[in-house]
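This report refers to the structure that appears directly beneath it.
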Amino acid sequence: MPRVIVTTDHPAASNVVSLDERVIPADLTDDRQAEALIERLGWAITEAEDAENRRPAVRQVAVLLPRKAA
């Protein structure tokens with residue numbers, strides 16, 4: 001059965017699935033149903049992008065050196 005799946009594409013984002021939905025051609029014949037599917041796709045794409053942007057940043061280590069006496 002056809003499915004629409006939206007997931008993150010970055011391993012650090014834990015492959016979050018924002019949408020996993022069964023679809024059939026009849027879903028696209030009714031304007032209201034088609035519009036609702038596109039709306040859900042938009043939300044899922046935005047959620048996946050947000051999840052990717054929240055992925056842990058590369059850890060940066062700062063080394064603090066003592067100040068020289070004046």
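Values quoted throughout were computed directly from the atomic coordinates according to the rules given, and no laboratory measurement underlies them. Computed from a predicted structure; not experimentally measured. Here the Cβ is made from the backbone with ideal geometry for all residues, glycine too, and neighbour counts use every protein chain on show.
Points worth noting:
- Spin-label model, Gln33/Ile5: points 7 Å from Cα along the beta carbon direction are separated by 2.3 nm.
- If the chain linking Glu52 and Arg40 were pulled fully straight, counting 0.36 nm for each residue of separation and taking away their Cα-Cα distance, it would gain 2.5 nm.
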